[in-house]
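Every read-out reported here was derived from the displayed coordinates using simple, explicitly stated rules and does not represent laboratory data. Just so you know, these numbers come straight off a predicted model, no measurement behind them. Here the Cβ positions follow ideal geometry from the backbone for every residue, glycine too, while neighbour counts run over all protein chains shown.
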Amino acid sequence: MHELSLCESILQILEEESRRQAFSRVKRVRLEIGRLSGADPEAMRFGFDAVCRGSLAEGAELEILRLPGLAWCLPCGRQVEVEQRFDACPHCGSYQLQVVGGDQMQIKDLEVE
Ligand SMILES: [Zn+2]
């Protein structure tokens with residue numbers, strides 16, 4: 001499962017942060033997931049619980065913020081919102097879109113103690 005390795009890298013970041021900021025437990029993680037990132041929020045939640053078992057983030061709450069997919073439409077000459085990669089432009093129906101945002105996943109902030 002693709003999400004499991006994503007969760008493992010999140011845990012790695014948490015462990016690095018805990019050394020840097022000297023905290024021992026993570027209570028909550030706010031994670032931004034772009035619509036075009038290919039990561040499924042439910043699978044992320046499931047994977048996060050599994051990966052964090054026995055770690056500093058065991059039992060931590062994973063809050064997921066969905067970011068819209070953003071693309072630049074060439075014919076329209078403006079930025080549009082898309083649900084999925086390779087969607088047509090919602091305004092002109094063109095497929096000449098270039099993804100400019102919402103294709104990433106990142107930790108927004110942490111609640112620690
Ligand atoms: Zn367009």
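For the chain, divide the Cα radius of gyration by the Kirkwood radius and give the resulting Rg/Rh value with two decimals.
Details: Rg = 16.9 Å, Rh = 15.2 Å.
Reported Rg/Rh, Kirkwood definition of Rh: 1.11.
Sparsely packed loop sites in the stretch 1-100 (the trypsin sites (Lys or Arg not before Pro) outside DSSP H, G, I, E and B with at most 12 other Cβ atoms within 10 Å) comprise Arg53. Rounded to whole numbers, the Karplus 3J(HN,Hα) couplings from phi for the stretch 71-83 are 9, 9, 8, 5, x, 6, x, 8, 7, 10, 9, 10, 7 Hz, using 6.51 cos²θ - 1.76 cosθ + 1.60 with θ = phi - 60°, and x at Gly and Pro. Helix 2-21 and the longest principal axis of the Cα set of the chain meet at an angle near 60°.
For the chain, the antiparallel share of DSSP beta bridges with both residues in that region comes to about 70%. Where does the longest stretch of the chain lie that holds no chymotrypsin sites (Phe, Trp or Tyr not before Pro) found in a DSSP loop with 13 or fewer other Cβ atoms within 10 Å? Counting only loop sites that pass the neighbour cut-off, the longest clear stretch is 1-85.
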